[in-house]
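*Asks:* Right, I'll just put the structure down here and ask away after.
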Amino acid sequence: MNKFSFVDCKTVDEALGQLNNGATVKAGGIDLLDLMKEGIVAPPKLVNIRNVDSLRGITVSKDGLHLGPLVTLSEIAAHPDIQRTYSGLSDAAGHAATPQVRNMATVGGNIMQRPRCWYFRSTDFDCRKKGTSDVCHALTGENQYHAVINNSTCAMVHPSSTAVPLLGMNATVELTSKRGKRTVAMSDFYVPPEKSLINETVVQPGELITGIFVPAPEPGTRSAYQKYGEKESFDWPIADAGIVLVMDGNRCRKAAVVMGVAAPTPIRSAAAEAVLTGKTIDEATARAAAKAAMQGATPLSQNGYKTQLFQTAIYRTVLLAAGQMQRDPSAIG
Ligand SMILES: Cc1cc2nc3c(=O)[nH]c(=O)nc-3n(C[C@H](O)[C@H](O)[C@H](O)COP(=O)(O)OP(=O)(O)OC[C@H]3O[C@@H](n4cnc5c(N)ncnc54)[C@H](O)[C@@H]3O)c2cc1C
Ligand code: SF4
């Protein structure tokens, strides 16, 4: 690990004043310290925001849900209003990682975590994204956990579980810098590799996530999230689905179908949403939506199984959100 200085900040202004010359924000530190130990990043200065009290707190109002970026995954999972009204988000936070990690991991850090691609994470390998190679070795190499959609430039997947329901719930992210504040929709937050191989998000150097806002759901909204993986716990998903349905009885008025680790960014499936919208939700429509979501998938040499796993995740999570199926005991977390 490189030598670095450590600045402990108590206010947003103090933190913004320190974010210069390659300094990096540290929240829970789980991903950041990993990356530093692996030698993937080497910031000269860490700006610790963990003691900035104004970045904590969960507020639920008639307008929606406001999360400070330092809210932990455990706090989200345990919050009764989030469980009741934003259950897909509570599911995602509560089934990420392990209890110890969830106690430390912040939601801001969670949506900002870097890809898990093993070529990216190891200094023993070069990689197009790291700028050390012109080729992406995942395309022809070990790619069993990689993307099955939009995977021709860089086949990484974004590992954040909470980003999946946040995208489906039309959340927005508040970014603050010395220049002021701006608000970015979750749908614009992640940057696909075709636009930038360097940045996974629109967050610029010197910017801090200072809030995440989820608008109040329309009456009749139900949501759910489930993730599937190799191990029962302690692991990132290899397929996950976040579903938001606006229901009128058994009929679906609006749907958001989001997949987390299918592509380099969390993505909505317009095809699956079109299948569900205006229909009665039952096993047949859930299955048709799941199939539509994988139309056009371009699996790599070792990850064809993910197209089936995503269909299972979407089918079962649509029915879970609609209240027609229990949580799947084979879903992990
Ligand atoms: C064993 C294990 C299993 C895991 N499984 C899952 C899983 O299933 N699902 C899942 O989603 N995650 C999983 N994780 C990842 C974990 O949830 C993330 O590493 C964690 O949420 C990161 O949050 P943090 O607060 O520690 O972020 P940090 O490590 O402090 O920061 C991460 C990144 O975000 C930036 N950052 C943090 N806060 C801000 C801010 N306010 N503004 C701007 N930039 C910021 C940092 O600069 C850094 O680049 C797992 C981790 C482990 C160790
Ligand atoms: S998938 Fe992306 S991060 Fe992984 S080796 Fe290819 S270019 Fe690098």
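*Asks:* Are any residues in segment 303-333 among the β-branched types (Val, Ile, Thr) and within 21 Å of Ala147 (Cα to Cα), and if so, which ones?
*Replies:* Across segment 303-333, the qualifying residues are Thr307, Thr312, Ile314, Thr317, Ile332.
Condition check ((1) open to solvent by 10 Å² or more (accessible area, probe 1.4 Å); (2) more than 16 Å from ligand 2 (Cβ to nearest atom); (3) in contact with a Phe, Trp or Tyr (Cβ under 8 Å, 6 or more places away or on another chain)) across all residues:
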residue	(1), (2), (3)
Asn170	yes, yes, no
Ser187	yes, yes, no
Pro192	yes, no, no
Lys195	yes, no, no
Ile198	yes, no, no
Thr201	yes, no, yes
Phe213	yes, yes, no
Gly220	yes, yes, no
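Residue-by-condition table, conditions (1) of a type outside the set (S, T, N, Q); (2) within 25 Å of the chain's Cα centre (by Cα):
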residue: Asn2; (1), (2): no, no
residue: Phe6; (1), (2): yes, no
residue: Ala15; (1), (2): yes, yes
residue: Asn20; (1), (2): no, no
residue: Ala23; (1), (2): yes, yes
residue: Lys26; (1), (2): yes, yes
residue: Leu32; (1), (2): yes, yes
residue: Pro44; (1), (2): yes, no
residue: Val60; (1), (2): yes, yes
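*Asks:* Scanning segment 80-100 for residues that are open to solvent by 70 Å² or more (accessible area, probe 1.4 Å) and closer than 27 Å to Asn48 by Cβ, which turns out nearest to ligand 2 (Cβ to nearest atom)? So that I can check it myself, show each step before the final result.
*Replies:* Filtering segment 80-100 for residues open to solvent by 70 Å² or more (accessible area, probe 1.4 Å) gives 80, 83-84, 99-100.
Then keep just the ones that are closer than 27 Å to Asn48 by Cβ; that gives 99-100.
Details: Pro99: 29, Gln100: 27 Å.
Here the residue is Gln100.
*Asks:* Given the options Arg287, Arg268, name the one that is open to solvent by 70 Å² or more (accessible area, probe 1.4 Å), more than 14 Å from the chain's Cα centre (by Cα) and touching a residue at least 12 places away in the same chain (Cβ under 8 Å). It would help to see each step written out before you state the result.
*Replies:* Values: Arg268 fails: more than 14 Å from the chain's Cα centre (by Cα).
Being open to solvent by 70 Å² or more (accessible area, probe 1.4 Å), more than 14 Å from the chain's Cα centre (by Cα) and touching a residue at least 12 places away in the same chain (Cβ under 8 Å) holds for just one of Arg287, Arg268, which is Arg287.
*Asks:* How many residues does segment 118-135 hold that are assigned to a loop (DSSP other than H, G, I, E, B) and either touching a Phe, Trp or Tyr at 6+ places or on another chain (Cβ under 8 Å) or within 9 Å of ligand 1 (Cβ to nearest atom) (or both)?
*Replies:* Narrowing segment 118-135 to residues assigned to a loop (DSSP other than H, G, I, E, B): 122-135.
Filter again for either touching a Phe, Trp or Tyr at 6+ places or on another chain (Cβ under 8 Å) or within 9 Å of ligand 1 (Cβ to nearest atom) (or both), leaving 125-127, 129-130.
The total comes to 5.
*Asks:* Same structure again: Pairs only if they're at least six apart or on different chains, beta carbon under 9 angstrom, first in segment 34-45 and in the same structural domain as Gln18 (by TED's automatic domain parsing), second part of a helix (DSSP H, G or I) and open to solvent by 30 Å² or more (accessible area, probe 1.4 Å); list them, first residue then second.
*Replies:* Cβ pairs passing all conditions: Ile40/Asp34; Lys45/Gln18.
*Asks:* Continuing with the same structure: Here is a list of conditions, (1) touching a Ser or Thr at 6+ places or on another chain (Cβ under 7 Å); (2) assigned to a strand (DSSP E or B); (3) within 16 Å of ligand 1 (Cβ to nearest atom); (4) touching a residue at least 40 places away in the same chain (Cβ under 8 Å), and Val184 meets all of them except one; can you say which number that is?
*Replies:* Unmet condition: (4).
*Asks:* Scan segment 134-155 and report the pairs whose first residue is more than 18 Å from Ile198 (Cα to Cα) and of a type in the set (S, T, N, Q) and whose second residue is open to solvent by 20 Å² or more (accessible area, probe 1.4 Å) and not in a helix (DSSP H, G or I), with Cβ atoms within less than 6 Å and a gap of 6+ or a chain change.
*Replies:* As it stands, the answer is Asn143/Leu300; Asn143/Gln302; Gln144/Gln302, since those pairs meet every condition given.
*Asks:* Looking only at residues in segment 210-235 that are in a loop (DSSP other than H, G, I, E, B), among the charged types (D, E, K, R) and more than 10 Å from ligand 1 (Cβ to nearest atom), which one is farthest from the chain's Cα centre (by Cα)?
*Replies:* Within segment 210-235, the match that is farthest from the chain's Cα centre (by Cα) is Glu218.
*Asks:* Another question about this same structure. For Asn103, indicate whether it is in a helix (DSSP H, G or I), more than 12 Å from ligand 2 (Cβ to nearest atom) and surrounded by fewer than 19 Cβ atoms within 10 Å (Cβ to Cβ).
*Replies:* Details: in a helix (DSSP H, G or I): yes; more than 12 Å from ligand 2 (Cβ to nearest atom): yes; surrounded by fewer than 19 Cβ atoms within 10 Å (Cβ to Cβ): yes.
So Asn103 fits the description; yes.
*Asks:* So which residues in segment 74-89 are over 22 Å from Gly29 (Cα atoms) and of a type in the set (Ser, Thr, Tyr), if there are any at all?
*Replies:* Scanning segment 74-89 gives Thr85, Tyr86, Ser87.
*Asks:* In segment 122-163, which residues are surrounded by fewer than 18 Cβ atoms within 10 Å (Cβ to Cβ) and within 23 Å of Ala42 (Cα to Cα)?
*Replies:* Ser122, Thr123, Asp124, Phe125, Asp126, Lys130, Gly131, Thr132, Ser133, Asp134 - these are the residues of segment 122-163 that are surrounded by fewer than 18 Cβ atoms within 10 Å (Cβ to Cβ) and within 23 Å of Ala42 (Cα to Cα).
Conditions (1) part of a loop (DSSP other than H, G, I, E, B); (2) more than 9 Å from ligand 1 (Cβ to nearest atom); (3) more than 29 Å from Ala224 (Cα to Cα), marked per residue:
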position: Lys3; (1), (2), (3): yes, yes, yes
position: Val7; (1), (2), (3): no, yes, yes
position: Asn20; (1), (2), (3): yes, yes, yes
position: Val25; (1), (2), (3): no, no, yes
position: Gly39; (1), (2), (3): yes, yes, yes
position: Ile82; (1), (2), (3): no, yes, no
position: Leu89; (1), (2), (3): no, yes, no
position: Ala93; (1), (2), (3): no, no, no
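The values are calculated or read from the model by the stated rules, or taken from the named source; none is laboratory data. Model, not experiment: these values are computed from the prediction. Note: ideal-geometry Cβ built from the backbone for every residue, glycine included; neighbour counts use all protein chains shown. Note: accessible area is taken over every heavy atom of the protein model, side chains too, but ligands, DNA and RNA are not part of it. Shrake-Rupley method; radii C 1.70, N 1.55, O 1.52, S 1.80 Å.
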